[in-house]
Number of protein chains: 2
Amino acid sequence: MGLFTKDIKTMNDLFVHQLQDIYYAEQQLTKALPKMADKATDPQLKQGFLTHLEETRQHVKRLEEVFKMHGAQVKAVDCPAIDGIIEEADETAGEVADKAVLDAALINAAQAAEHYEIVRYGSLIAWAKQLGRTDCANVLAKTLEEEKATDKKLTALAESKVNLRAAS
Amino acid sequence: MGLFTKDIKTMNDLFVHQLQDIYYAEQQLTKALPKMADKATDPQLKQGFLTHLEETRQHVKRLEEVFKMHGAQVKAVDCPAIDGIIEEADETAGEVADKAVLDAALINAAQAAEHYEIVRYGSLIAWAKQLGRTDCANVLAKTLEEEKATDKKLTALAESKVNLRAAS
């Protein structure tokens, strides 16, 4: 998409643009998640990040599948939102001195990324259905369910253990 | 918070840092929402952005109330995540030529901001309770409910009308 060229003329263009955006975001997350796993102290949180890294690699492959199903070029476009979310996660984590508090901050950072993806996949699925591409919507829905499940696991881990330790 | 100084030593420090982050984010959204309302074509969407602008101004005031209740300085810190979300919204909107498609893109952009806030307020409320500040948690919970309600209204508007028009 070119600057000042208004390349998005149809819902289909918007759908493809958003695919390219989330394709970039998922790729950035495959780089960010190992660093978050390294920083995490709680073994369950560390393992959770590594499990989600494997899922995220699968999400990248699923997006490539959707590009192909839809006859669109497999391509990523810059996504300032995920860059900002990851930058903020790095900055905040870099400021935390206590390991238990850092775990709480890492969960909060990861949930910001999850919710970003939940919104984007939600829109992509709605748009795919509107475009008559229920085949693409079904593939994208698998990823959305995994993002939602990860978000719930992170909340459960925060509430059952991590926040308690961080505040003690 | 200073660079390389690891100023966040306790859960309380993390809570205050996150208050400062969302205080900045809400202020940025009071600037972004009027622009989104200007760009929106659908009258219901335009009005929705203006209504949420009024709510957002109230959220800024509620945060100032929480800072004071907690005995912390009313202060904002840069929040690269919301900056990235708003930058991406501007970039994508600038690339859309069709008004009906632009409405769909604007809803998607607004929902990214809403979900960012839903995560942050969710963590803030959990941390406030852990710190024994149910008074702060109760004030923050009012805002969280409004963010969730706005997100639901945006989904309903997209699915009932905007996506349909954008794809036609």
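The values are calculated or read from the model by the stated rules, or taken from the named source; none is laboratory data. It should be emphasised that the depicted structure is a prediction, and the values quoted were computed from it without experimental measurement. Positions of Cβ are generated from backbone atoms using ideal geometry, with glycine treated the same way; all protein chains shown enter the neighbour counts.
Name the pairs whose Cβ atoms lie under 6 Å apart, with the first residue in the range A:46-70 and in contact (Cβ under 8 Å) with a residue 40 or more places away in the chain, the second among the aromatic types (Phe, Trp, Tyr) and assigned to a helix (DSSP H, G or I), and 6 or more positions between them or separate chains?
Going by the 6 Å Cβ cut-off, the qualifying pairs are A:63/A:23.
Per-residue answers, yes or no, for (1) out of contact with any Leu (no Cβ under 7 Å at 6 or more places or on another chain); (2) β-branched (Val, Ile, Thr); (3) under 26 Å from residue A:165 (Cα atoms):
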position: B:5; (1), (2), (3): yes, yes, yes
position: B:11; (1), (2), (3): no, no, yes
position: B:17; (1), (2), (3): yes, no, yes
position: B:32; (1), (2), (3): yes, no, no
position: B:36; (1), (2), (3): no, no, no
position: B:53; (1), (2), (3): no, no, no
position: B:69; (1), (2), (3): yes, no, yes
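Filter the range B:143-159 down to the residues that are over 13 Å from residue B:121 (Cβ atoms) and either within 11 Å of another protein chain (Cβ to nearest Cβ) or touching a residue at least 24 places away in the same chain (Cβ under 8 Å) (or both) and list them by number.
B:153, B:154, B:155, B:157, B:158, B:159 - these are the residues of the range B:143-159 that are over 13 Å from residue B:121 (Cβ atoms) and either within 11 Å of another protein chain (Cβ to nearest Cβ) or touching a residue at least 24 places away in the same chain (Cβ under 8 Å) (or both).
Please state which one of B:19, B:63, B:29, B:14 is under 28 Å from residue A:159 (Cβ atoms), touching a strand residue (DSSP E or B) at 6+ places or on another chain (Cβ under 6 Å) and modelled with pLDDT of 95 or more. Walk me through how you get there before you give the answer.
Details: B:19 fails: touching a strand residue (DSSP E or B) at 6+ places or on another chain (Cβ under 6 Å); B:63 fails: touching a strand residue (DSSP E or B) at 6+ places or on another chain (Cβ under 6 Å); B:29 fails: touching a strand residue (DSSP E or B) at 6+ places or on another chain (Cβ under 6 Å).
Within the list B:19, B:63, B:29, B:14, the selection yields B:14.
Quick check: is even one residue across the range A:30-51 within 14 Å of chain B (Cβ to nearest Cβ) and either under 19 Å from residue A:101 (Cα atoms) or in a helix (DSSP H, G or I) (or both)?
Going residue by residue through the range A:30-51, those that are within 14 Å of chain B (Cβ to nearest Cβ) are A:32, A:39.
If we keep only those that are either under 19 Å from residue A:101 (Cα atoms) or in a helix (DSSP H, G or I) (or both) as well, we get A:32, A:39.
Within the range A:30-51, one or more residues are within 14 Å of chain B (Cβ to nearest Cβ) and either under 19 Å from residue A:101 (Cα atoms) or in a helix (DSSP H, G or I) (or both).
List pairs: first in the range A:73-85 and over 18 Å from residue B:114 (Cα atoms), second at pLDDT below 95, Cβ under 8 Å, 6+ apart or cross-chain?
Going by the 8 Å Cβ cut-off, the qualifying pairs are A:77/A:1.
Take the residues of the range B:63-120 that are part of a loop (DSSP other than H, G, I, E, B) and among the small types (Gly, Ala, Ser): which is surrounded by the fewest Cβ atoms within 10 Å (Cβ to Cβ)? Talk me through it step by step, then tell me what you get.
Residues of the range B:63-120 that are part of a loop (DSSP other than H, G, I, E, B), as a first pass: B:70-79, B:97-98.
Applying the additional criterion that residues be among the small types (Gly, Ala, Ser) yields B:71-72, B:76, B:97.
Values: B:71: 7, B:72: 16, B:76: 17, B:97: 13.
That would be B:71.
Looking only at the range A:99-115, count how many residues are acidic (Asp, Glu) and within 8 Å of the chain's Cα centre (by Cα). Step through it out loud before you land on a result.
At the first step, the residues of the range A:99-115 found to be acidic (Asp, Glu) are A:103, A:114.
Next, from what is left, pick out any that are within 8 Å of the chain's Cα centre (by Cα): A:114.
Count: 1.
Within the range A:104-121, identify whether any single residue is more than 12 Å from chain B (Cβ to nearest Cβ), farther than 16 Å from residue A:33 by Cβ and of a type outside the set (Ser, Thr, Tyr), and answer yes or no.
Quick first cut of the range A:104-121, residues more than 12 Å from chain B (Cβ to nearest Cβ) only: none.
No, that holds for no residue.
In the range A:54-80, what residues are of a type in the set (D, E, K, R) and either under 21 Å from residue A:131 (Cβ atoms) or touching a helix residue (DSSP H, G or I) at 6+ places or on another chain (Cβ under 8 Å) (or both)? Give the steps one after another, and end with the answer.
First, the residues of the range A:54-80 that are of a type in the set (D, E, K, R): A:54-55, A:57, A:61-62, A:64-65, A:68, A:75, A:78.
Matches in the range A:54-80: A:55, A:57, A:62, A:64, A:65, A:68, A:75, A:78.
Can you name every residue in the range A:32-52 that is more than 18 Å from residue A:155 (Cα to Cα) and buried (at least 18 other Cβ atoms within 10 Å of the Cβ)? Steps first, answer last, please.
Here is the first cut: in the range A:32-52, the residues more than 18 Å from residue A:155 (Cα to Cα) are A:32, A:34-35, A:38-39.
Across the range A:32-52, the qualifying residues are A:32, A:39.
Find the residue count for the range A:129-168, including only residues that are small (Gly, Ala, Ser), more than 26 Å from residue B:128 (Cα to Cα) and within 19 Å of the chain's Cα centre (by Cα). Walk me through how you get there before you give the answer.
Residues of the range A:129-168 small (Gly, Ala, Ser): A:132, A:137, A:141, A:149, A:156, A:158, A:160, A:166-168.
When the remaining residues are screened for being more than 26 Å from residue B:128 (Cα to Cα), the result is A:132, A:137, A:141.
Now drop any that are not within 19 Å of the chain's Cα centre (by Cα), which leaves A:137, A:141.
Looking only at that region, the number is 2.
I'm checking my understanding of the structure. Among residues of the range A:3-16 that are buried (at least 21 other Cβ atoms within 10 Å of the Cβ) and facing another protein chain (nearest Cβ under 7 Å), which one is farthest from residue B:108 (Cα to Cα)?
A:8
Please verify whether residue B:16 is under 24 Å from residue B:133 (Cα atoms), in a helix (DSSP H, G or I) and free of Cβ contacts under 8 Å to residues at least 60 places away in the same chain, treating the condition exactly as stated.
On the way: under 24 Å from residue B:133 (Cα atoms): yes; in a helix (DSSP H, G or I): yes; free of Cβ contacts under 8 Å to residues at least 60 places away in the same chain: yes.
Judged against the criteria, residue B:16 is a match.
Kindly check whether there is at least one residue in the range A:123-131 that is crowded, with 23+ Cβ neighbours inside 10 Å and either among the polar types (S, T, N, Q) or not in a helix (DSSP H, G or I) (or both).
Within the range A:123-131, the first condition is being crowded, with 23+ Cβ neighbours inside 10 Å, and the residues that meet it are A:123-124, A:127-128.
In the following step, the residues that additionally are either among the polar types (S, T, N, Q) or not in a helix (DSSP H, G or I) (or both) were identified as A:123.
Taking every residue of the range A:123-131 in turn, at least one turns out to be crowded, with 23+ Cβ neighbours inside 10 Å and either among the polar types (S, T, N, Q) or not in a helix (DSSP H, G or I) (or both).
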